[in-house]
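Step one of this worksheet: look at the structure below.
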Amino acid sequence: MRSLSHIQIRCRISLENNNNAGALLMYQMTQPLRSAAALTPGKLATVYDDRSTTWLELRGRTAILADAIRRLGVSAGDRTAILALNSDRYLEYLYAS
């Protein structure tokens, strides 16, 4: 099983007035996170209790956690698991693993 940040998801898109209708679009699982951080960096991504995180902060925290996971020896294709309470931090773990 690949780590979530390396899974490529195939999405069928139809392009109007184009001969390439139904072309496959490939992107990584973290692409929505990167796009949100680039387009709306200051908007709220998560709110949990009295803690709020913007998209840019979420992207930064996710990158730091992903780097720490890699330094522990986890690489693409390795299986990982999470045992955590429900919180906004779970989303960071999801994107980082």
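Laboratory data are not the source of any read-out in this text; all were calculated from the coordinates shown. Source: prediction; values computed, not measured. Note: ideal-geometry Cβ built from the backbone for every residue, glycine included; neighbour counts use all protein chains shown.
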*Once you put a point 7 Å from the Cα of Thr40 and another 7 Å from the Cα of Ala68, both along the Cβ direction, what distance in nm separates them?*
2.8
_What's the ranking of 40-51, 84-95 by average number of surrounding C-beta atoms within 10 Å, highest first?_
84-95, 40-51
*Enclosed volume per residue, in Å³, of the convex hull spanned by Cα atoms of segment 29-96*: 88
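Which of Leu56, Leu39 comes first, and how do the rest follow, when ranked by fewest Cβ neighbours within 10 Å?
Leu39, Leu56
Quick check on the exposure proxy: order Arg71, Arg34 from fewest to most C-beta atoms within 10 angstrom.
The fewest-first ordering by Cβ neighbours comes to Arg71, Arg34.
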